[in-house]
Amino acid sequence: TAAACVKPWTFVTDHKCMGNGVRMDEALRRDGISLSITHARRIAKAAPIVTIAKTGKTRRVIPTSLQHLRCVDCRRKVRFCPDHLKHAGRTEIHAYFGLTRNSRHADTCRYTVAESITRIVAMSREATGDELIVPDDGRFRFRLHVLTEALDDVATANARAESSFHVARRRTEYERGTRRLEPYLRTATAIARLYQRISDPTDLEQLRDTITIRHEDDDVSWDDFCYDESRWPALLARLRSGERLSHPIALVGTFGNISMTKSSTGAPTHRRSTLPLRHGDESLCVQIYGRDGRALKRARGNTRVVIVGHPWPGRFNDGGNAKAIRMRIESPSQIAAVL
């Protein structure tokens, strides 16, 4: 049937939203009611499928309830952009609301890149220790080594808590370190989320120009900090070559299910994987591990997420040539939904 032949990224013939601003997860309908992206996706997937006579291609009909939409903040015209794939099918872009072709957000709208950066900088001030984002000659510097030190301190405290006879005292040290880490992680995941929610090249350039990334005395490129599915293979190749990244990174993928496993010491550990990236008989996914299952349940299945941490290479049981990039989760704030 026609319905069986339709892939999710062939929803419309032109899915690219032009203009400035970030991808939005809510919009206003013509009747003034707010529409969430989750509800919009359900409406879209239930829409009828038609065949275009001239080309023979199939697509879904945009329902009336997903037309004539406005930005919830500045009331500029926006439209529903369906699920689709990029980078030769390697990167899945979940549905979002974006500007129409001739529309632009108001300068003070929270969905502009400038306002989004302002909010992230304000968020970074919640940290009580070293500043993660500092002014830098009219721009901002994202000090990645501050996050590295905080992650390492928490990981060390957690290892001591697991191996020490003074469990209560060590656990207190771990919880204290985790509280210090939370504001840093919220800021880091917010930066990675913003990078993933920008569609327009001009806006991406504005973000790169406004926030530079440094690890101690070294500059870090945005591409060396944030990895989506299209760049997982390149990252895995670096890790398998024996290269140890000196700084944490942000991995982007779509969550699958959660399961239980055991560490080398026999302690119970929770594990969760992203949906695998497949090429022929090869599979590649991201696996995250943590003692606290609540951290790994941060987002539901089939949710596109950002995961911040230190990666290492591994394998997983999926038949064929199955490879994995692994991360350990010390805090729920290491995971954030992109939309």
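The values are calculated or read from the model by the stated rules, or taken from the named source; none is laboratory data. Source: prediction; values computed, not measured. All Cβ positions, even for glycine, are placed from backbone atoms using ideal geometry, and neighbour counts span all protein chains on display.
Name every residue in segment 107-161 that is buried (at least 20 other Cβ atoms within 10 Å of the Cβ), in contact with a His (Cβ under 7 Å, 6 or more places away or on another chain) and not aliphatic (A, V, I, L, M), in order of residue number.
Matches in segment 107-161: Y111, T112.
Quickly run through segment 1-31 and pick out the residues that are at pLDDT 90 or above and either under 18 Å from L339 (Cβ atoms) or surrounded by fewer than 14 Cβ atoms within 10 Å (Cβ to Cβ) (or both). Full working, then the answer.
First pass over segment 1-31, keeping only residues at pLDDT 90 or above: 22-29.
Of everything in segment 1-31, those that are at pLDDT 90 or above and either under 18 Å from L339 (Cβ atoms) or surrounded by fewer than 14 Cβ atoms within 10 Å (Cβ to Cβ) (or both) turn out to be V22, R23, M24, D25, E26, A27, L28.
Does segment 229-245 contain at least one residue that is closer than 23 Å to R197 by Cα, among the acidic types (D, E) and either at pLDDT 90 or above or crowded, with 21+ Cβ neighbours inside 10 Å (or both)?
Taking segment 229-245 first, the residues closer than 23 Å to R197 by Cα are 229-235.
Remaining after also requiring among the acidic types (D, E): 229.
Retained after the next criterion (residues that are either at pLDDT 90 or above or crowded, with 21+ Cβ neighbours inside 10 Å (or both)): 229.
For segment 229-245, residues closer than 23 Å to R197 by Cα, among the acidic types (D, E) and either at pLDDT 90 or above or crowded, with 21+ Cβ neighbours inside 10 Å (or both): present.
Taking A299, is it in a loop (DSSP other than H, G, I, E, B), modelled with pLDDT under 75 and of a type in the set (A, V, I, L, M, F, W, C)? Reasoning before the result, please.
Numbers: in a loop (DSSP other than H, G, I, E, B): yes; modelled with pLDDT under 75: yes; of a type in the set (A, V, I, L, M, F, W, C): yes.
Judged against the criteria, A299 is a match.
Quick check on D152: is it modelled with pLDDT under 90, over 19 Å from L207 (Cβ atoms) and in a loop (DSSP other than H, G, I, E, B)? Even if it seems obvious, please write down each step before you answer.
Numbers: modelled with pLDDT under 90: yes; over 19 Å from L207 (Cβ atoms): yes; in a loop (DSSP other than H, G, I, E, B): no.
Here the answer is no, as D152 does not meet what is asked.
Any residue at all in segment 82-92 that is crowded, with 19+ Cβ neighbours inside 10 Å, out of contact with any helix residue (DSSP H, G or I) (no Cβ under 9 Å at 6 or more places or on another chain) and under 30 Å from E182 (Cα atoms)?
No - not one qualifying residue is present in segment 82-92.
Take the residues in segment 323-336 that are without any contact (Cβ under 8 Å) to a residue 60 or more places away in the chain and in a strand (DSSP E or B); name whichever of them is surrounded by the fewest Cβ atoms within 10 Å (Cβ to Cβ).
In the first step, residues of segment 323-336 are kept if they are without any contact (Cβ under 8 Å) to a residue 60 or more places away in the chain; the result is 324, 326, 329, 332.
With the extra rule that they be in a strand (DSSP E or B), the set shrinks to 324, 326.
On the way: A324: 23, R326: 20.
Checking each candidate, the answer is R326.
Determine whether segment 317-324 contains at least one residue that is at pLDDT 70 or above and closer than 25 Å to V154 by Cβ. Break it down into steps so the answer makes sense when it comes.
Here is the first cut: in segment 317-324, the residues at pLDDT 70 or above are 322-324.
From what is left, the residues that are closer than 25 Å to V154 by Cβ are 324.
Yes, some residue in segment 317-324 is at pLDDT 70 or above and closer than 25 Å to V154 by Cβ.
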